[in-house]
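**Q** Dumping the structure here so I can ask a few things about it.
The values are calculated or read from the model by the stated rules, or taken from the named source; none is laboratory data. Since we're looking at a predicted model, the values are computed, not measured. Note that we place each Cβ from the backbone using ideal geometry, even for glycine, and neighbour counts take in every protein chain shown.
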Amino acid sequence: MQDGYLLLLGFAVLATIFPLFALGVGRLLRPSRPNPAKLDPYECGIPVASDARGRYSVRFYIVAMLFVIFDVETIFLFPWAVRYKQLGWLGVEEIGIFLAFLVVGYVWIFRKGALDWA
């Protein structure tokens, strides 16, 4: 029983040592010549206009989450579409209920004004 744990410990040690070793060798072998152009966030030659850590509106994150939620909808619709003929009318009824819930949610979100950018 302890042989399995010993093997697992060996893999954990190897998984820790190998990346550290590779990073150390890379640091020793690479050339290090920092200059102001290389230290800029963008090496395109255009001066930075503002701080990159600006704040975003909460609405951006709400729209992003809504996109993910409605994108997951398509993941649920694909298996249903593949088995459409085997499911028959019961499958049509089930997916109709599912889509009705989504439409109600979409209408609720739209009425709350979550999609308004103004």
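**Q** So which residues in the range 56-88 are of a type in the set (Ser, Thr, Tyr) and either touching an Asp or Glu at 6+ places or on another chain (Cβ under 9 Å) or surrounded by 11 or more Cβ atoms within 10 Å (Cβ to Cβ) (or both)?
**A** Within the range 56-88, just TYR84 meets the criteria.
**Q** So, in the range 20-54, exactly how many residues are at pLDDT 90 or above, surrounded by 10 or more Cβ atoms within 10 Å (Cβ to Cβ) and not hydrophobic (A, V, I, L, M, F, W, C)?
**A** The number of residues fulfilling the criteria is 1.
**Q** List, please: which pairs have Cβ atoms under 9 Å, are six or more places apart or on different chains, and start with a residue in the range 91-118 that is surrounded by fewer than 10 Cβ atoms within 10 Å (Cβ to Cβ) and end with one that is assigned to a loop (DSSP other than H, G, I, E, B)?
**A** Partner pairs satisfying both residue conditions: TRP117/SER57.
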